[in-house]
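Q: Sharing a structure here in structure tokens format.
Every number in this text was worked out from the coordinates using simple rules, so none of it is lab data. Bear in mind the structure is a predicted one, so any value in this text is a computation, not a measurement. All Cβ positions, glycine included, derive from the backbone under ideal geometry; neighbour counts span all protein chains shown.
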Amino acid sequence: MSATTLPAICKDLDGDDRWLSIHKRFVAECKEKDPDVMFIGDCILESLQFTDYWNQHFVPMHCLNFSIRTDRTQNILWRLQNGELDNVRPKAIVLHAGTNNIGDSSEEVTEGILELVRTIRQKLPDVYIILPVILFCFVLLFVLRCD
């Protein structure tokens, strides 16, 4: 079993409890709103909610974006097991995780993502889960050319 599959609170590097406060806000939103679609993930999905595209296309669909910039698979797992899927019945969940699991092997990241899917299935067995491809922040292209 790798660290990617073990629920963990995100380390508070700034000493301001920001991550935990965001989680508490998400849990409160679950009690107040009835989303059709939920976005759960890391920096890639978090950034989406600050765009005009989000406002034009996703806000009218009653979406919630429960994504936190620094989250690794184990942090998202902790959030899901601690209230972020309670009191909601979305039709679909868009899950994007693994981008921040720097230092973990691709196999470990895959295990973490599968554990997230299992957790979602346990809590919401009928929800449609969408897993976009992991979008990397940096793409290095090496071209080997033999003349």
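Q: For residue 39, what residues show an amide H to amide H distance below 5 Å, using hydrogens built from the backbone and excluding near sequence neighbours?
A: Hits under the 5 Å cutoff: 64, 65, 66, 94.
Q: Could I ask something else about it? Residue by residue, what Karplus-based ³J(HN,Hα) values in Hz, rounded to whole numbers, does segment 37-45 have, using 6.51, -1.76 and 1.60 with θ = phi - 60° and x for Gly and Pro?
A: Listing the rounded values in order: 10, 10, 9, 10, x, 10, 4, 4, 6 Hz.
Q: Once a ≥ b ≥ c are taken as the square roots of the eigenvalues of the Cα gyration tensor of segment 1-75, is the result rounded (a/c under 1.5), prolate (a/b larger than b/c) or oblate (a/b not larger than b/c)?
A: On the way: a/c = 1.81, a/b = 1.75, b/c = 1.03.
Note, shape of segment 1-75 comes out prolate.
Q: For segment 41-83, which chymotrypsin sites (Phe, Trp or Tyr not before Pro) are both in a DSSP coil and crowded by at most 11 other Cβ atoms within 10 Å?
A: On the way: sites: 50, 53, 54, 58, 66, 78; in loops: 50.
Here the sparse-neighbourhood loop sites are 50.
Q: Let me know the shape class of segment 1-134, please: from the alpha-carbon gyration tensor, a ≥ b ≥ c as square roots of the eigenvalues, rounded when a/c is under 1.5, otherwise prolate if a/b is greater than b/c, or oblate.
A: Verdict is rounded for segment 1-134.
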